[in-house]
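Step one of this worksheet: look at the structure below.
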Amino acid sequence: MVRPARFDRKWQSRRKRGKLLRRLGWWIVIIGLVFAAWWSGLIPNMATRDARTVDQTFGICGQGGGSAACVPDGDTIVFGGGETRRRVRLTGFDAPEMDGKCDAERVQAVKARTALAAWLNTGPFHWDGGDDPPYDKYGRELRSAWRETPNGDGDIRREWLADHMIARGLASQSGWDAAENDWCEPA
């Protein structure tokens, strides 16, 4: 018995549709697994895998004190001088500029710089990037900083520097989706 051609086309169409649905199902499973890894903390912890501990005292740049490391503004650290000078831009937040557009921004920038130095000097902290961090267009190392402290339940609480500065109103969020903060506008 010979099947009509229309039956073969219908059968092939169903087979293609089934194959497409199986592929779509596998992609849904893969995306679900990636989301589950993210949700469980596996992927964010990968970002801190090359973490380094920093245990150093930081002064305010230009104010003497003889410190080998200093804070020039609310989101930058400088190590050493001359040809060995290293500049680190701390990421995840944007602090007001020391030479800002108005007095309000410059006053806020001094507060941010002081708060950054205080956070850094509270004790050892960690930052990402390992021995070969990324750099920005100004030649600064780009690093995220955090401190880990026991929370009393036997767990470790991770305090991100960016969250600390933003929560105190001393910086704004940075990144692709962040709105630019005008420090001269009254809040």
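How much of Leu142 can a 1.4 Å solvent probe reach, expressed as accessible area in Å² and rounded to 10?
For Leu142, solvent-accessible area is about 50 Å².
Taking H as built 1.01 Å from N, whose amide H comes closer than 5 Å to the amide H of Ser144, not counting residues under 5 places away?
Answer set, sorted by chain and number: Thr91, Asp128.
Order the following by accessible area, largest value first: Ile60, Ile156, Ile30. Probe radius 1.4 Å; ligands, DNA and RNA are ignored.
Ile156, Ile30, Ile60
Figure the gain on full extension for Trp26 and Arg52 (residue separation times 0.36 nm, minus the Cα-Cα span) and round it to one decimal in nm.
Extra length available between Trp26 and Arg52 comes to 5.6 nm.
Which of the aspartates and glutamates could a cross-linker span from Lys111 if the Cα-Cα distance has to be under 15 Å and same-chain partners fewer than 8 positions apart are dropped?
Within the straight-line cut-off, Lys111 pairs with Asp73, Asp75, Asp94, Glu97, Asp99, Asp103.
Counting only protein heavy atoms and using a 1.4 Å probe, what share of the accessible area of segment 67-187 belongs to carbon plus sulfur, as a whole percent?
With neighbouring chains kept in place, the figure for segment 67-187 is 49 percent.
Rounded to the nearest whole Å², what accessible area per residue is found for segment 73-178 with the 1.4 Å probe?
Solvent-accessible surface per residue comes out at 55 Å².
Which net charge results when you count Lys and Arg as +1 and Asp and Glu as -1 among the other residues whose beta-carbon is under 12 Å from that of Ala118?
So the environment of Ala118 carries a net charge of +3.
The values are calculated or read from the model by the stated rules, or taken from the named source; none is laboratory data. As the structure is a computational prediction, the values presented were derived from the model and not from experiment. Because the Cβ atoms are built from the backbone with ideal geometry, glycine has one as well, and the counts that use them run over all protein chains shown. Side chains included, ligands, DNA and RNA excluded: accessible areas come from the protein's heavy atoms. Shrake-Rupley method; radii C 1.70, N 1.55, O 1.52, S 1.80 Å.
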